[in-house]
Amino acid sequence: MNDHTDHDVIVLAGGAARRLGGADKPALSVGGRPLLDRVLAACPDAARAVVVGPARPTARAVLHAREDPPGGGPLAALDAGLRHSTAPTVLVLSADLPFLTAATVRDLLAAAAPADGALLQDASGRDQPLVAAYRAEPLRRALARIRDEHGTPAGLPLRALLAGLTLVRVPDPTDTAAFDCDTWEDLGAARARIREHGHVLDEWITAVKAELGIDLDVDVAALLDLARDAAHGVARPAAPLTTFLIGYAAGQQGRDVKELTDRAAALANRWAAEAEGPAGPGDAAGTGTKPAE
């Protein structure tokens, strides 16, 4: 079984962004994070990250490369990035995918193994060669063939590369992972989407973890329940303070967040029970709860 760990990622980040008026598209933010950082965050297991384009600050350590000539197109950029990769499989991604997830990346890597690679296919059936995983050796052979035929990959379309590869299609029926930001309207739609009711908390927590440089599983429902119990059973300001203390204890002591959350929730419930009536023989000693019958 392929454990999908032996791969690099190449992010193409050197386009002219003409439909954005020449703005530095990879640096534009969605959910408070640059598009480039969002793409890199979807590839946590990549051994090496190569960003082809002008050097920009990134949350993750990367190698920078430039296509020859600068602005020479995606095929030239891919050729430049591949020269910095030694892994048997490479993810090839554009830098403007705000909703790419690690799950989609894993699906591409798994599908690539028996063929020359795997690429995402959007809901309309269009191939997305810049949301793909390729086996490095077939990719290098295809690029060498292009150089033999044309002298340089600069200015050539990606279909010149794909024609020589056997590729698996991975469907993206909701057009989420394949959604890219080519226009200001696209960027506005992406920013609006993460504020929808079903997405906003997950997006916010992911953004905060990235900003603080932490990797921690967060049980949102459990923490919200704890905040409710603390607010109702103690006082409203207790909610944010208690959740802060949970995080602090988890970080300082290396303990499980769920265990700490459960303990704090039980404490809040005991605290609330004491306020419900005077203490008496029905209370279990030291707990504020009734003993078992």
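A few points about this structure:
- With all protein chains kept in place, the per residue accessible area of the stretch 5-97 amounts to 39 square angstrom at a probe of 1.4 angstrom.
- Just the protein heavy atoms count here, and of the accessible area of the chain at 1.4 Å, carbon and sulfur take up 55 percent.
- Each of V30, V218 has its accessible area taken with a 1.4 Å probe; listed largest first, they run V218, V30.
- Projection of the Cα convex hull of the chain, averaged over all directions and equal to a quarter of that hull's surface, yields 20.1 nm².
- Accessible area, probe 1.4 Å, largest first, for residues L161, L224: L224, L161
- Per residue accessible area of the stretch 108-156, 1.4 Å probe, in Å²: 43
- Rounded to the nearest 5, the antiparallel percentage of DSSP beta bridges internal to the chain is 40%.
- Built from the Cα atoms of the stretch 1-136, the convex hull projects on average onto 8.2 nm², one quarter of its surface area.
- Most mobile of D45, D148, D37 in a GNM of the chain (Cα contacts under 10 Å): D148
- For the stretch 219-231, 3J(HN,Hα) per residue [Karplus equation, 6.51 cos²θ - 1.76 cosθ + 1.60, θ = phi - 60°, Hz, x = Gly/Pro]: 8, 4, 4, 5, 5, 5, 4, 4, 4, 5, 4, 5, 5
- Radius of gyration and Dmax over the Cα atoms of the stretch 179-247, both given in Å: 15.7, 49
- Taken about its Cα centre, the stretch 68-210 carries a charge dipole of roughly 420 debye when the Cβ of each Lys and Arg holds +1 and the Cβ of each Asp and Glu holds -1.
- Largest accessible area first, the listed residues E137, E203, E211, E67 line up as E211, E137, E203, E67 when surface is computed with a 1.4 Å probe on the assembled protein chains.
- When the Gaussian network model of the chain links Cα atoms closer than 10 Å, the mean-square fluctuations of R270, R191, R169 top out at R270.
- Between the amide H of V50 and those of V9, I10, V11, L63, distances stay under 5 Å, these residues lying 5 or more places away or on another chain, with hydrogens modeled in the peptide plane.
- Taking one quarter of the surface of the C-alpha convex hull of the stretch 128-285 gives a mean projected area of 16.2 nm².
- Cβ-based charge dipole, the chain, positive-most Cα from A59, P157, A266: P157
- Using only alpha-carbon positions in the stretch 50-204, the gyration tensor eigenvalues give semi-axes of 27, 19, 15 Å once each is multiplied by 5 and square-rooted (largest first).
- Here r is the Cβ-Cβ distance between R195 and A59 and R0 is 25 Å; the resulting FRET efficiency, rounded to 0.05, is 0.70.
- Integer Hz, Karplus 6.51/-1.76/1.60 couplings in order for the stretch 6-21, x for Gly and Pro: 8, 8, 10, 10, 10, 10, 8, 9, x, x, 7, 6, 4, 6, 10, x
The values are calculated or read from the model by the stated rules, or taken from the named source; none is laboratory data. Note that the coordinates shown come from a computational prediction; the quantities given were computed from them, not determined experimentally. Note that each Cβ is placed from the backbone with ideal geometry, even for glycine, and that neighbours are counted across all protein chains shown. We work out accessible area using only protein heavy atoms, side chains counted, and drop any ligands, DNA or RNA first. Shrake-Rupley method; radii C 1.70, N 1.55, O 1.52, S 1.80 Å.
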